[in-house]
Amino acid sequence: MPIEVLMPALSPTMESGKLAKWLKAEGDKVKSGDVIAEIETDKATMEVEAVDEGVLGKILIKDGTEDVAVNTPIAIILEEGEDASAAAAPAPKAKADKADKDEEPAAEERAEENAPPDAPEKGPGPDVAPSAVATPPKPVIEPDPEVPEGTEMVKLTVREALRDAMAEEMRRDGDIFLMGEEVAEYQGAYKVSQGLLDEFGAKRVIDTPITEHGFTGVGVGAALAGLKPIVEFMTWNFAMQAMDQIINSAAKTLYMSGGQMGCPIVFRGPNGAAARVAAQHSQDFTAWYSQVPGLKVIAPYTAADFKGLLKAAIRDPNPIIFLENEILYGQHFEVPKLDDFVLPIGKARIARSGSDVTIVSFSIGMSYALKAAEELAGQGIDAEVIDLRTIRPMDIETVIESVKKTNRCVTVEEGWPQSGVGSEIVAQLMEKAFDHLDAPVLRVTGKDVPMPYAANLEKLALPSVAEVIEAVKAVTYRG
Amino acid sequence: MAAAAKAKNAKVPTEPGVSNSIAAFSKDEEVAAFRDMLNIRRFEEKAGQLYGMGLIGGFCHLYIGQEAVVVGMTMAQKDGDQLVTSYRDHGHMLAAGMDPKGVMAELTGRSGGYSRGKGGSMHMFSREKNFFGGHGIVGAQVSIGTGLAFANKYKENGQVAVTYFGDGAANQGQVYESFNMAKLWKLPVIYVVENNRYGMGTSYTRASSTTDFSQRGRSFDIPGEQVDGMDVRAVRSAAERAFEHARTEGPYILEMQTYRYRGHSMSDPAKYRSKEEVQKMRDEHDPIEQVRKRLLENKWAEEDDLNKIDKDIRAVVNAAAEFATNDPEPDPSELWTDVYV
Ligand SMILES: Cc1ncc(C[n+]2csc(CCOP(=O)(O)OP(=O)(O)O)c2C)c(N)n1
Ligand SMILES: [Mg+2]
């Protein structure tokens, strides 16, 4: 069989090059490894080696030809005794060969196949979405479980709710372990792991050295091997040391392994500003993580949500970013006393229903939102307050449903404005609910500066109830 | 005497446990060390008091017990040498010659503070005094200090970057990445591991697989020595060897064996160690008491002279506290300044 020699690519981006020089002539014997030609691009000169044995039967592209496309046949190698005429019309054949091998359908066909039967309908606005190659499948998320009538409610702090969630899950499953700085003997830098060492022992509640990048990688490895680590960051500020392992290893490995290698891990700890701990210890990372496919990002507000969602996070087979808040740790909320209270990841909660404006927030942002709603009620403005609870996947449908009713929206978060969670909500509302909006959506955020230490400046840097009220008045055209 | 000791120790010890001779102090040196260490102690006591009064917020990490380390190091340092450390930084700033008023006012978040109230206890800087911070993230200053040394070599200015970090920080990965570059490029840097036996609530023996931090540079062929960090003379002698080596050869590691008397920060009840342990350190190894005793024994000072020094220091510290209490908060417009140049 005659063998075609194809124009090689020198680099992943090369599309064509110059066939500079033939080093063998027609009729010459070649064996694999022989340099038969030189090709040039604007970047380099490279030698073309024969990979087959035989005789250089025919040169198809002459010396000095410019712009020879990659994969163009440039010569034909014949086996001993073969005739050059055996190599008639080689080019089309090569193409046919290639098509034969390619069993996968073209991208558009694939997209059709994978599109879920219940793909969401387009919003009422103009069709501005880029023509999609594929529509991501939409997970079906169950609503919150019914809390049976007459269930006893107990007042718990967020701190206790988190501890209980971990303890309950650790009792259920021996593969779950907790590690982090000061989690064991010190009972947690913020006392969230109080009592866990006593109950589960040093094998499952592990003090690490101060080596975030290292122990995060250790956690990821353990998760890939089938364990279910809960990795506590003393605060999320220190997880920046471990960013590479969180994003490049935990979030992407399932995808890169074609679905083989899941990473069931929970990263948790306090996020955002505490009080007077200044720039390096006061950052809200919600928007950062919410950008990363492969991660789920949870940032609850109430103790019940913290408990139900942490239990769900520990059971979830994906890497979870679980964002707590130091200021919320000591706050009390009612939590249903149930044996197994688990909440759905990816479902927002309507914390207060109203008809005049939708305020969307999460985590400690909810305290500004709820206080503002209360004050606004006194001024005759009836606000609906939505607690996103999960930031990724984001339950934008619940927000849209609300906006259809109120036609106005304000977002509240402590993080920075640019590319924040609020920005994402605004963009989604533009795409999916534009016709329902009677005013531009406004964002109330932390100020666009590192957190200052001075008490007066810190107050100014954070969002405030007054700012939420002001934004609501602006979108409702009052005041 | 000091010169002789230096010459004898020209050979750099790389073996663990090698004991290095300690040059005695002259009268003036003893008095200076006493004053500088007491200055830090009194300042820190006052800071603790202001914290208790709610004038200082957030985290506040006191240096009480560790004074001999930074004072002894500074005695061997030359003008222009730089200093970088962690959040436990008040002592280093005072040793670098920064104004106690400016430091205290930063602790209270006032406009007269070194960072105009925007940095706080953990994040303070002075270009004038070659103090490069004040870093809140454990281990970060180690690479930064290595970068300061890189600049020294680049500029051929003969200066050394003194890089302080804790026993806990010694386990961060970037410490070893820095060691490798420092040796590879022969950078003029001294790594001072302040082993105060705890990283927060964790004893160094529970966090470190090997606990001789002076030997942590072995795979990079960086010499190091363990030093009694409670004895300011031992610190100064070791520092002289380290500076000599850093200026001519490259990186050097000093493990300062020291102790912090207070909790990790103001909110740490320090239940992970016994009261007796702390008391024993105070009674038997206190860096300031050691100097006081020598001064009195040598009849270089009377009790009254030392009390006078203490009184003068208290006056300075009280003035700093006074300033830091009455200085105004930064102007609200400061919120938006300094984000970009
Ligand atoms: C990267 C990072 N992780 C965790 C912390 C929280 N933290 C602050 S100080 C500290 C202990 C450090 O101990 P050590 O290095 O021995 O210094 P020391 O406080 O004893 O001076 C920890 C864990 C932090 N600031 N940065
Ligand atoms: Mg320490």
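The values are calculated or read from the model by the stated rules, or taken from the named source; none is laboratory data. A quick note: this is a predicted structure, and the numbers were derived from the prediction, not measured. Cβ coordinates were reconstructed from backbone atoms using ideal geometry, including for glycine residues, and neighbour counts include every protein chain displayed. We work out accessible area using only protein heavy atoms, side chains counted, and drop any ligands, DNA or RNA first. Shrake-Rupley method; radii C 1.70, N 1.55, O 1.52, S 1.80 Å.
When only residues in the stretch A:271-290 that are in a helix (DSSP H, G or I) and more than 11 Å from every other protein chain (Cβ to nearest Cβ) count, which is nearest to A:Pro417 (Cα to Cα)?
A:Ala287
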| said: Which residue is nearest to A:Asp356 (Cα to Cα), if the candidates are limited to the stretch A:445-470 and must be open to solvent by 10 Å² or more (accessible area, probe 1.4 Å) and more than 10 Å from chain B (Cβ to nearest Cβ)? | reply: A:Ile469
| said: Just the residues that are surrounded by fewer than 20 Cβ atoms within 10 Å (Cβ to Cβ) and in a loop (DSSP other than H, G, I, E, B), please, taken from the stretch A:146-185. | reply: A:Glu146, A:Val147, A:Pro148, A:Glu149, A:Gly150, A:Thr151, A:Glu152, A:Asp173, A:Gly174, A:Asp175, A:Glu185
| field | Matching residues, the stretch B:172-190, being surrounded by 20 or more Cβ atoms within 10 Å (Cβ to Cβ), more than 15 Å from ligand 1 (Cβ to nearest atom) and of a type in the set (A, V, I, L, M) | value | B:Ala182, B:Leu187, B:Val189, B:Ile190
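Sort out for me the helices (runs of 4 or more DSSP H) sitting completely within the stretch B:63-171 that have 2 or more residues that are β-branched (Val, Ile, Thr) and away from ligand 1 (no atom under 16 Å from the Cβ).
Fully inside the stretch B:63-171 and qualifying: B:67-76.
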| message | Given the condition farther than 24 Å from A:Glu185 by Cβ, within 16 Å of ligand 1 (Cβ to nearest atom) and either touching a strand residue (DSSP E or B) at 6+ places or on another chain (Cβ under 9 Å) or within 10 Å of chain A (Cβ to nearest Cβ) (or both), answer yes or no: does some residue in the stretch B:191-204 qualify? | response | yes
| remark: Conditions (1) within 16 Å of ligand 2 (Cβ to nearest atom); (2) under 17 Å from A:Thr211 (Cβ atoms); (3) open to solvent by less than 50 Å² (accessible area, probe 1.4 Å) -> B:Tyr164 fails only (2)
| query | Is at least one residue of the stretch B:211-219 part of a helix (DSSP H, G or I), within 14 Å of chain A (Cβ to nearest Cβ) and either hydroxyl-bearing (Ser, Thr, Tyr) or within 16 Å of ligand 1 (Cβ to nearest atom) (or both)? | reply | yes
| task | Answer yes or no: is there a residue in the stretch B:223-232 that is away from ligand 1 (no atom under 12 Å from the Cβ), free of Cβ contacts under 8 Å to residues at least 60 places away in the same chain, open to solvent by 30 Å² or more (accessible area, probe 1.4 Å) and over 23 Å from B:His61 (Cα atoms). | result | no
| query | Restricting the search to the stretch A:144-193, which residues are more than 30 Å from the chain's Cα centre (by Cα), of a type in the set (Asp, Glu) and within 16 Å of ligand 1 (Cβ to nearest atom)? | reply | A:Glu185
| field | Looking only at the stretch A:212-266, and only at residues there that are within 14 Å of ligand 1 (Cβ to nearest atom), outside any helix (DSSP H, G or I) and of a type in the set (A, V, I, L, M, F, W, C), the one that is nearest to the other protein chains (Cβ to nearest Cβ) | value | A:Met234
| request: Please work out if A:Asp198 is open to solvent by 30 Å² or more (accessible area, probe 1.4 Å), under 26 Å from A:His332 (Cβ atoms) and at pLDDT 95 or above. | output: yes
| said: Please verify whether A:Thr411 is in contact with a Gly (Cβ under 8 Å, 6 or more places away or on another chain) and crowded, with 22+ Cβ neighbours inside 10 Å, treating the condition exactly as stated. | reply: yes
